[in-house]
Amino acid sequence: MKVKKAVLPVAGFGTRFLPATKSSSKEMLPLVDKPLIHYAVKDAIDAGIEQIIFITGRGKRAIEDYFDISFELEYHLKFHGKEDLIQDMRQISDMADFVYVRQKEPKGLGHAVLRAKDVVGGEPFAVILADDVVENKISGTKQLVDVFDRYHCSVLGLEEVPKEDVSKYGIVSGKEIENGLFKLDNFVEKPKPENAPSNTAIIGRYIFTPKIFEELEKTSIGKGNEIQLTDAILSLSKKEVIYGKILEGKRFDCGSKFGFLEATVEFALKDKEIGKEFKEYLKGVVEC
Ligand code: UTP
């Protein structure tokens, strides 16, 4: 069976970006001229995904509006002769079939994913966290879909992180079966460095078989008083093989201020319109 659906949880409070996220969504923070959520949807589309299921919450209306048609904007652009921009705006709403499911309270990533159960049904599906922007010729989701198409098992996106950072991630261990591809056997949410089974972290790209929903339904409140996706993955691993793939490309942790600024600088430097000018500007700032 092909992976055609992706779940994008966007119901978190984004507390690391307060006060910016007090009245607007973290996923709408822009990297140059496109919001983080645009890059996440593109990552899915490039993997052949056709339906995007957003798990939304209070204050997330801007995401729905972003992927919808804006008649007022189109009227305004037409009036000012900017027909090409109308096409660009239409392309955004035409990217996929968009579905919205509410998570009434942000009780954790596992709880958010479980909200998608009825819409996903009995199919394999992707989970994409917009916080993690993966820059590579082959999208992060596509790299995992390629593994899924070979083994028909759940696959997690992985990255080696510095030992001192393991407490920020779900950490895994397992047997490397080919370069960068692991059969996983242990999963721990945000361990202390001394308790971590490795320094291989799960990053925000996953493919799951629908069995994950049964495990999520049985998962009780875990670390941080939240229903943790990592706990459900550990239970699933007792019943099914789970693979992990070190993702190729550069990953930016845009859920943190530093990672977001790194991505902003690098995307701006590569931007066709402003890249050259921005580089000169940065040189001047750094030399001062
Ligand atoms: P994070 O923990 O990174 O996001 O969750 P957050 O809670 O919004 O941000 P901080 O940590 O307070 O700064 C990863 C993803 O899961 C979603 C978030 O929106 C984010 O995209 N999420 C998290 C939910 O949809 N529901 C939840 O209950 C928790």
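The values are calculated or read from the model by the stated rules, or taken from the named source; none is laboratory data. All of these numbers come straight from a predicted model, not from anything done at the bench. All Cβ positions, even for glycine, are placed from backbone atoms using ideal geometry, and neighbour counts span all protein chains on display. We work out accessible area using only protein heavy atoms, side chains counted, and drop any ligands, DNA or RNA first. Shrake-Rupley method; radii C 1.70, N 1.55, O 1.52, S 1.80 Å.
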Can you list the strands (runs of 3 or more DSSP E) found entirely within the range 174-288 that contain at least 2 residues being open to solvent by less than 70 Å² (accessible area, probe 1.4 Å) and of a type in the set (A, V, I, L, M)? 181-189, 200-208, 242-246
Residue satisfying condition, being more than 20 Å from the chain's Cα centre (by Cα), away from the ligand (no atom under 16 Å from the Cβ) and either modelled with pLDDT under 95 or open to solvent by less than 20 Å² (accessible area, probe 1.4 Å) (or both), within set Ser70, Ser93, Ser23: Ser70
Among residues of the range 116-145 being out of contact with any Phe, Trp or Tyr (no Cβ under 8 Å at 6 or more places or on another chain) and over 28 Å from Phe260 (Cα atoms), the residue farthest from the ligand (Cβ to nearest atom) is Gly122
Answer with yes or no whether Ile203 is of a type in the set (A, V, I, L, M, F, W, C), within 16 Å of the ligand (Cβ to nearest atom) and farther than 24 Å from Leu181 by Cα. no
Qualifying position, being in contact with an Asp or Glu (Cβ under 7 Å, 6 or more places away or on another chain) and over 19 Å from Val120 (Cβ atoms), among Lys163, Lys223, Lys175, Lys137: Lys223
Any pair with Cβ under 6 angstrom, 6 or more apart, that starts in the range 19-48 at a residue that is farther than 24 Å from Lys272 by Cα and ends at one that is among the polar types (S, T, N, Q): Ala47/Ser139; Ala47/Thr141
